[in-house]
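One structure is given below, represented as structure tokens, and several questions about it will come after.
The values are calculated or read from the model by the stated rules, or taken from the named source; none is laboratory data. In this text the structure is predicted, and so the values were computed from the model without any measurement. Counting neighbours? That spans all protein chains shown, and the Cβs are built from the backbone with ideal geometry, glycine included. SASA here: full protein model, heavy atoms, side chains in, ligands and nucleic acids out. Shrake-Rupley method; radii C 1.70, N 1.55, O 1.52, S 1.80 Å.
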Amino acid sequence: MEIERINEYTVKFYISYLDIEERGFDRDEIWYNRERSEELFWEMMDEVHDEEDFMVEGPLWIQVQALDKGLEVIVTRAQLSKDGQKIELPLSEDKMKELPVDENIESILDQHFNDDLDDKSDGSAEEEEQQLQFLIKFNDFEHIIALAQVPVSGFVNSLYSLDKNYYLYVEFDEQHSDEDIENMLSIILEYGQESRMTIHRVTEYGKEIIADEALDVVKKHFS
């Protein structure tokens with residue numbers, strides 16, 4: 001995948017259909033299967049973040065252009081105005097008209113971001129269901145060794161590798177309070193980053209390294 005940083009708010013990348021297929025996706029399903037197209041998009045955004053340090057925060061504006069041999073994607077990070085009520089894009093109106101958003105990809109992002117915007121603008125909105133499962137990506141095994149030395153425990157965790165990266169699957173139970181989960185995640189994310197990839201893709205195409213109590217096993221062998 002080829003990545004080009006346009007400016008602080010915008011990044012452009014190109015991915016060939018061959019690359020898409022090598023990642024385990026069918027060329028047609030990315031347009032008609034919502035779950036699979038979302039999975040591919042966030043996998044690509046993980047790479048963009050790694051190479052260009054492009055943070056995915058708040059709503060995104062996206063243009064997808066289908067070329068003969070692949071897809072060209074332009075992603076622009078929008079910002080809320082100072083009063084938190086209006087979404088602002090760092091583009092002129094003329095430029096926005098020239099680059100319309102692809103409706104299929106936009107619907108994927110709406111599902112991911114609109115709840116956050118509704119919470120800010122509508123105080124009566126229902127709270128989202130607590131998320132208990134997370135997939136943390138590590139670029140270097142040394143970061144996992146360092147994390148294993150930190151006193152975080154009491155949750156299910158297993159370790160996988162895929163495409164030269166490591167993934168720690170973390171699952172909390174309902175006995176953990178929101179505060180406990182937030183505190184433990186904040187520690188874990190000092191060493192890795194949350195991945196948008198699904199655990200199902202990692203288990204299907206990756207390699208299981210440690211099935212149970214991964215951090216304890218790593219600590220035992222590398223302390």
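Whether any residue in segment 171-183 is in contact with a strand residue (DSSP E or B) (Cβ under 7 Å, 6 or more places away or on another chain), open to solvent by less than 20 Å² (accessible area, probe 1.4 Å) and farther than 25 Å from G24 by Cα is what I want to check.
Checked against the condition, which is being in contact with a strand residue (DSSP E or B) (Cβ under 7 Å, 6 or more places away or on another chain), open to solvent by less than 20 Å² (accessible area, probe 1.4 Å) and farther than 25 Å from G24 by Cα, segment 171-183 yields no hits at all.
Going by the structure shown, is F138 at pLDDT 50 or above, more than 30 Å from Q175 (Cβ to Cβ) and either open to solvent by 80 Å² or more (accessible area, probe 1.4 Å) or not hydroxyl-bearing (S, T, Y) (or both)?
Details: at pLDDT 50 or above: yes; more than 30 Å from Q175 (Cβ to Cβ): no; either open to solvent by 80 Å² or more (accessible area, probe 1.4 Å) or not hydroxyl-bearing (S, T, Y) (or both): yes.
No.
Here's a follow-up. Sort out which residues of segment 211-223 are more than 16 Å from D140 (Cα to Cα) and either open to solvent by less than 90 Å² (accessible area, probe 1.4 Å) or touching a residue at least 12 places away in the same chain (Cβ under 8 Å) (or both), and write them in order of number.
Passing the criteria: A211, D212, E213, D216, V217, S223.
Ok, one more. Which condition does S81 not pass, out of (1) within 24 Å of E194 (Cβ to Cβ); (2) at pLDDT below 80; (3) open to solvent by less than 40 Å² (accessible area, probe 1.4 Å), if it passes all the others?
Every listed condition holds for S81 apart from (1).
While we're here: Among the numbered conditions (1) hydrophobic (A, V, I, L, M, F, W, C); (2) in contact with a His (Cβ under 8 Å, 6 or more places away or on another chain); (3) open to solvent by 80 Å² or more (accessible area, probe 1.4 Å), tell me where F155 comes up short.
With respect to (1) hydrophobic (A, V, I, L, M, F, W, C); (2) in contact with a His (Cβ under 8 Å, 6 or more places away or on another chain); (3) open to solvent by 80 Å² or more (accessible area, probe 1.4 Å), F155 is out only on (3).
Now for a separate question. Select the strands (runs of 3 or more DSSP E) contained entirely in segment 1-73, then report the ones holding at least 3 residues which are surrounded by 14 or more Cβ atoms within 10 Å (Cβ to Cβ).
10-16, 60-66
Continuing with this model, one more query. Just need a number here: residues in segment 155-175 that are out of contact with any helix residue (DSSP H, G or I) (no Cβ under 8 Å at 6 or more places or on another chain) and of a type outside the set (K, R).
Adding up the residues that qualify gives 8.
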